[in-house]
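Notes follow the structure.
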Amino acid sequence: AQSVTQLDSQVPVFEEAPVELRCNYSSSVSVYLFWYVQYPNQGLQLLLKYLSGSTLVKGINGFEAEFNKSQTSFHLRKPSVHISDTAEYFCAVTQGASGGYQKVTFGIGTKLQVIP
Amino acid sequence: GAGVSQSPSNKVTEKGKDVELRCDPISGHTALYWYRQSLGQGLEFLIYFQGNSAPDKSGLPSDRFSAERTGGSVSTLTIQRTQQEDSAVYLCASSLEGGSNQPQHFGDGTRLSIL
């Protein structure tokens, strides 16, 4: 079984400051990892994904994440946030390298509040 | 191109009534998922459809919940004899295929309120 832990339920940060949203996962097999963003009253949108290869993954809107296998982490970072980044962010994990359907497990989300 | 479309966007109903929620996936996407998002919770998996294969119903919380997907496209999630704890946002997602490396594309959800 796999699980995802998002350690921070809310993260306030001033505009133009850097931010890191933490995600740790647990799995006995190789994994695929995703970050999604949810704006108010909308569904989730994919920010970035790690499948294989380079452990530093770049996504949309200036976000990036680093896969750290030894620490079982996939933290999301942005060097300078904007007001428009205010949203809820979800980390997700699924079993990797299976070639077929595997259930995706989502974290409970981190609400990023950018303060002007 | 059109994304995943869900209707209604909001639904308010009385306890004990049945409700039907609709999802129209992205054209050509063979995989379809239903999730439930409750306040302060993550996404709870409900059911997965892939082509003509038998659906994965392992996430349905009770026999009051059912879903079907007709013609490999539109899906409806039905909740019978609704209870107050069914109040949540119900999200539908689709992906090109059902592989675990495929990102999911989400609709805006149906906000269900049970009075």
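The values are calculated or read from the model by the stated rules, or taken from the named source; none is laboratory data. Here the structure is a predicted model, which is why all the values come from computation and not from measurement. A quick note on method: Cβ atoms are made from the backbone with ideal geometry, for glycine too, and the neighbour counts reach across all protein chains shown. Ligands, DNA and RNA are stripped out before the accessible areas are found, and what is left, the full protein with its side chains, is counted by its heavy atoms. Shrake-Rupley method; radii C 1.70, N 1.55, O 1.52, S 1.80 Å.
Assess whether B:Gly40 counts as being over 15 Å from the mean Cα position of the chain (by Cα) and open to solvent by 50 Å² or more (accessible area, probe 1.4 Å). Criteria met by B:Gly40. Taking the range A:73-108 as the range and being in contact (Cβ under 8 Å) with a residue 60 or more places away in the chain, within 12 Å of chain B (Cβ to nearest Cβ) and either part of a strand (DSSP E or B) or basic (Lys, Arg) (or both) as the test, the residues that pass are A:Tyr89, A:Phe90, A:Cys91, A:Ala92, A:Val93, A:Thr94, A:Gln95, A:Thr105, A:Phe106. The residue of the range B:74-115 that is modelled with the highest pLDDT, among those that are of a type in the set (A, V, I, L, M, F, W, C) and in contact with a His (Cβ under 7 Å, 6 or more places away or on another chain), is B:Ala93. Only residues that are within 11 Å of chain A (Cβ to nearest Cβ) and in contact (Cβ under 8 Å) with a residue 12 or more places away in the chain were counted across the range B:100-114, and they come to 9. When residues in the range B:32-80 are screened for being over 24 Å from B:Glu14 (Cβ atoms), in contact (Cβ under 8 Å) with a residue 12 or more places away in the chain, among the hydroxyl-bearing types (Ser, Thr, Tyr) and more than 14 Å from chain A (Cβ to nearest Cβ), 2 of them pass. Among the residues making up the range A:85-116, those that are more than 21 Å from B:Pro103 (Cβ to Cβ) and open to solvent by less than 80 Å² (accessible area, probe 1.4 Å) are A:Thr86, A:Val114, A:Ile115.
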